[in-house]
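The values are calculated or read from the model by the stated rules, or taken from the named source; none is laboratory data. Everything numeric here is computed off the predicted structure, so don't read it as measured data. Positions of Cβ are generated from backbone atoms using ideal geometry, with glycine treated the same way; all protein chains shown enter the neighbour counts. Just the protein is used for accessible areas: all its heavy atoms, side chains included, with ligands, DNA and RNA removed. Shrake-Rupley method; radii C 1.70, N 1.55, O 1.52, S 1.80 Å.
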Amino acid sequence: MGAPRTPPTTTAPLRRLTGLKSTFRTGQARSLGIPSRTLARLRDAGHLEQLSRGVYRLASLPAPANPDLLVVAARMPRAVLCLISALAFHDLTEEVPHAVHIAMPRGAEPPRLEHPPLHVIRLRPTSLQAGVEVHRVDGLDLRVFSPAKTVADCFQFRVQVGLDTALGALKALRRRRGFDPEDLLRFAKICRVEALVRRYLEAIL
């Protein structure tokens, strides 16, 4: 017997979805004339994978390395990956975050996600805008603090992440080729932990 055929009622929507980013939201599918009920039918038939409420990707694509980050990039495009999640993204820690750490403006309300769990920190505008990098992940733009800004944030929020984690990240950053201590101290000043970071930095230089 041959391979099962895709029903005609789903062939056209699937063809249109291939023109979207690898990971897409329900609203993007609607803009192509594909209603939510069709997405649900495609998901139930195994053609789509639902990463979170309103976030899908084609099941025929290779599995993403970190689907939780795709959900954040799709649902929260203004959030910035930070703390342990950013350390893991930059390979500055072996610690596995149990939630996705994101930074948002004070007073901003994060969307209610069934998955993944979020750990939200609130930053002043000056700190929230400093050291933001944009990385392309599975067709989506993911905002992530730079390695140096992330280390400075970890010292600012050392009660939450643990001083050992911040120190380990500092040592890992110090070993990187092209490490610029002045760049780190500039971010540490923005985070109001310049004296603390300078003291530990001088101890390992």
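In this structure, P97 does not qualify as assigned to a loop (DSSP other than H, G, I, E, B), touching a strand residue (DSSP E or B) at 6+ places or on another chain (Cβ under 6 Å) and surrounded by 13 or more Cβ atoms within 10 Å (Cβ to Cβ).
Scanning the range 171-205 for residues that are of a type in the set (D, E) and over 16 Å from F157 (Cα atoms) turns up D180, E182, D183, E202. Close contacts from the range 18-47, counting a first residue that is in contact (Cβ under 8 Å) with a residue 40 or more places away in the chain and a second that is among the aromatic types (F, W, Y) and open to solvent by 40 Å² or more (accessible area, probe 1.4 Å), with Cβ to Cβ under 6 Å and a gap of 6+ residues or different chains, come to none at all.
Go through the residues of the range 142-151 one by one and say whether even a single one is within 26 Å of Y200 (Cβ to Cβ) and surrounded by fewer than 19 Cβ atoms within 10 Å (Cβ to Cβ). Yes, there is a match, as at least one residue in the range 142-151 is within 26 Å of Y200 (Cβ to Cβ) and surrounded by fewer than 19 Cβ atoms within 10 Å (Cβ to Cβ). Of A79, A88, all but one fail to be open to solvent by less than 50 Å² (accessible area, probe 1.4 Å), without any contact (Cβ under 8 Å) to a residue 12 or more places away in the chain and of a type in the set (A, V, I, L, M); the exception is A88. Looking across V120, V144, V134, one residue alone is touching a helix residue (DSSP H, G or I) at 6+ places or on another chain (Cβ under 8 Å) and within 20 Å of V72 (Cα to Cα). It is V144.
Picking from residues in the range 158-184 that are among the hydrophobic types (A, V, I, L, M, F, W, C) and open to solvent by less than 30 Å² (accessible area, probe 1.4 Å), the one that is farthest from R124 (Cα to Cα) is A172.
To keep it simple, each residue is scored yes or no on (1) more than 11 Å from the chain's Cα centre (by Cα); (2) at pLDDT 95 or above.
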| position | (1), (2) |
| --- | --- |
| D68 | no, no |
| V80 | no, yes |
| A88 | no, yes |
| P110 | yes, no |
| V120 | yes, no |
| S127 | yes, yes |
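Test R136 against the stated conditions and say whether it is free of Cβ contacts under 8 Å to residues at least 24 places away in the same chain, of a type in the set (D, E, K, R), touching a strand residue (DSSP E or B) at 6+ places or on another chain (Cβ under 9 Å) and over 13 Å from L83 (Cβ atoms). It is true that R136 is free of Cβ contacts under 8 Å to residues at least 24 places away in the same chain, of a type in the set (D, E, K, R), touching a strand residue (DSSP E or B) at 6+ places or on another chain (Cβ under 9 Å) and over 13 Å from L83 (Cβ atoms). Give the range 147-205 a look and list any residue that's assigned to a loop (DSSP other than H, G, I, E, B), free of Cβ contacts under 8 Å to residues at least 60 places away in the same chain and among the hydrophobic types (A, V, I, L, M, F, W, C), or say none. Within the range 147-205, F179, V193, L205 qualify.
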